[in-house]
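To start, the structure itself, in structure tokens.
The values are calculated or read from the model by the stated rules, or taken from the named source; none is laboratory data. Not measured: the values here are computed from a predicted model. Here the Cβ positions follow ideal geometry from the backbone for every residue, glycine too, while neighbour counts run over all protein chains shown.
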Amino acid sequence: MAKRINIKDFQATLSEKMGGAAMTDPVATVLGVLVGEDRWLVHMHDVSEVLQMPKITPVPLTHSWFLGVANVQGDLYGITDLASYFGGINTLIEQKTRILLASSRFEVNSGLLVRRTLGIRHITDFERIKDGVHSGMAGIYKDRQGQNWYELNIQDLVRDEDFLQIAA
């Protein structure tokens, strides 16, 4: 059984480790993740939990980016490899690979596979340089080192017709 990490506990623990004050603005708090080789920002209020890799049961006749379904505390979640879905190569499952569970407010049991997490950040640490170029991408940002980060819009992603059409 996969070890579950509650996102609120994860945030509180990280905040304590950083010695900073508690993060009070959940809208501006983002989780950095690697999707393929790209850095992405995911708003904390869009994610209910971060999981280590659960057992995934493949579903035949689906797109290669749809990995299958996983049982998480008795609920089935469809698991999508974000790198593959966005046109990249399939994510290699490793020790640091994680599943982000979409918030229950979206009313879709969706898990998103990311290569690894990069820590909690504040959106004001980034400069927005461009709007998103496809569904699921809300914008493009630069950090202080000049690296690009893409903002994931989970709400748009889980409502996108292409994302919902898993049949190959």
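Go through the range 113-128 and give me each residue that's surrounded by 15 or more Cβ atoms within 10 Å (Cβ to Cβ) and within 16 Å of Val30 (Cα to Cα).
Result: Val114, Thr117, Leu118, Ile120, Arg121, Ile123, Phe126.
Select from the range 123-168 the residues that are among the hydroxyl-bearing types (Ser, Thr, Tyr) and under 18 Å from the mean Cα position of the chain (by Cα) and list them in ascending order.
Passing the criteria: Ser135, Tyr141, Tyr150.
Return a yes/no flag: does the range 77-99 have any residue that is over 28 Å from Ala168 (Cβ atoms) and touching a helix residue (DSSP H, G or I) at 6+ places or on another chain (Cβ under 7 Å).
no
For the range 90-98, indicate whether the set of residues that are outside any loop (DSSP other than H, G, I, E, B) and either modelled with pLDDT of 95 or more or within 20 Å of Val158 (Cβ to Cβ) (or both) is non-empty.
Within the range 90-98, one or more residues are outside any loop (DSSP other than H, G, I, E, B) and either modelled with pLDDT of 95 or more or within 20 Å of Val158 (Cβ to Cβ) (or both).
Could you please let me know if Gly132 is at pLDDT below 95 and within 20 Å of Thr29 (Cβ to Cβ)?
So Gly132 passes the test.
Find the residue count for the range 76-97, including only residues that are among the aromatic types (Phe, Trp, Tyr) and closer than 15 Å to Arg39 by Cβ.
1
Does any residue of the range 123-131 turn out to be assigned to a strand (DSSP E or B), polar (S, T, N, Q) and either in contact (Cβ under 8 Å) with a residue 24 or more places away in the chain or in contact with an Asp or Glu (Cβ under 6 Å, 6 or more places away or on another chain) (or both)?
So far as the range 123-131 goes, no, none of its residues is assigned to a strand (DSSP E or B), polar (S, T, N, Q) and either in contact (Cβ under 8 Å) with a residue 24 or more places away in the chain or in contact with an Asp or Glu (Cβ under 6 Å, 6 or more places away or on another chain) (or both).
Of everything in the range 74-112 that's small (Gly, Ala, Ser) and exposed (fewer than 15 other Cβ atoms within 10 Å of the Cβ), which residue is nearest to the chain's Cα centre (by Cα)?
Per the criteria, the residue is Ser104.
Give me the pairs: first residue in the range 52-68 and farther than 20 Å from Gln165 by Cβ, second residue part of a loop (DSSP other than H, G, I, E, B), beta-carbon distance under 7 Å, and six or more apart or on different chains, which are they?
So the pair list comes out as Gln52/Ala2; Gln52/Lys3; Met53/Ala2; Met53/Ile93; Met53/Thr97; Pro54/Ala2.
Looking at the range 132-168, which of its residues are surrounded by 12 or more Cβ atoms within 10 Å (Cβ to Cβ), of a type in the set (Val, Ile, Thr) and not in a strand (DSSP E or B)?
Ile154, Val158, Ile166
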